[in-house]
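J.: My structure is below; once you've seen it, I'll send some questions.
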Amino acid sequence: MRISYLSLLSFLIFTSTVGAAEIRDANRLLRVSNVASQFESMTLLQTRNIIRTYTSIVAMSAGVELPQWIQMEIAACYEKTFAWEKFEDGVAQILLDNFSNHEILLLTDFYRSEGLPPTEIPSFKAAIAKGEMIQQLTADYILANSDGCAEHDIDLILGFLADPQLEPDKTLAAE
């Protein structure tokens with residue numbers, strides 16, 4: 001019986017080590033490919049576009065300018081809701097589920113500018129071909145694992161517009 005328990009313990013230690021190494025490799029790929037920075041840049045760009053859209057809608061429909069404090073609250077919601085740290089583990093898992101460990105290492109070497117031996121080019125091309133699918137899976141994951149800010153934004157804007165002391169800006173209303 002002792003051998004069975006010892007074998008089981010050895011197996012569990014080995015599998016957790018292999019799993020930890022693979023997760024470490026996936027996280028390394030995320031780091032060297034600068035995904036966090038790209039994600040944060042895209043979040044910021046999307047947030048600016050959303051605020052610009054809200055500002056235009058409020059100006060055109062109500063003739064008032066959306067106050068800076070509301071714009072800042074909207075931006076803060078998106079910054080908090082779509083913080084990279086909330087999604088990093090899930091995205092790493094998507095990489096693990098869809099790339100072989102060999103492909104993860106090839107991509108990591110590529111992003112580190114370490115080059116690829118000619119014999120690895122087919123494997124590299126196969127990994128690159130999965131890019132669109134990985135993007136879609138990541139987008140689906142983020143959508144499924146975030147609350148979004150639309151309801152928050154609408155409540156803020158409608159609360160502002162319902163304020164009885166609100167007076168439309170004459171220059172905006174005239175345009």
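J.: Viscosity 1.567 mPa s, temperature 4 °C: Stokes-Einstein D of segment 2-163 from its Kirkwood Cα radius, in µm² per second?
T.: Stokes-Einstein gives a translational diffusion coefficient of 68 µm²/s.
J.: Separation between the T53 and Y111 pseudo-spin-labels, each 7 Å from Cα along Cα→Cβ, expressed in nm?
T.: Modelled inter-label distance: 2.9 nm.
J.: If you don't mind, there's one more thing I want to ask. Obtain the nm distance between the two label points defined at M72 and A20 by a simple spin-label model: each point lies 7 Å from its Cα along the Cα-to-C-beta direction.
T.: 4.5
J.: Sticking with this structure for a sec: Please give every one of the aspartates and glutamates within straight-line cross-link reach of K86, meaning a C-alpha to C-alpha distance under 16 Å, and leave out same-chain neighbours fewer than 8 residues apart.
T.: Within reach: E40, D140, D147.
J.: Can you list residues whose amide H is under 5 Å from K130's amide H, if they're 5+ apart or on another chain and H is modeled 1.01 Å from N?
T.: none
J.: Going 7 Å from the Cα of A126 along its beta-carbon direction, which residues of segment 77-108 have the amide nitrogen within less than 15 Å of the resulting point?
T.: The answer is 98-107, whose backbone nitrogens lie closer than 15 Å to the label point.
Only the coordinates and a few stated rules stand behind these numbers; no lab work does. The shown structure was predicted, so the numbers you read here are calculated from the model rather than taken from an experiment. Virtual Cβ from ideal backbone geometry, glycine too; neighbours counted across all protein chains shown.
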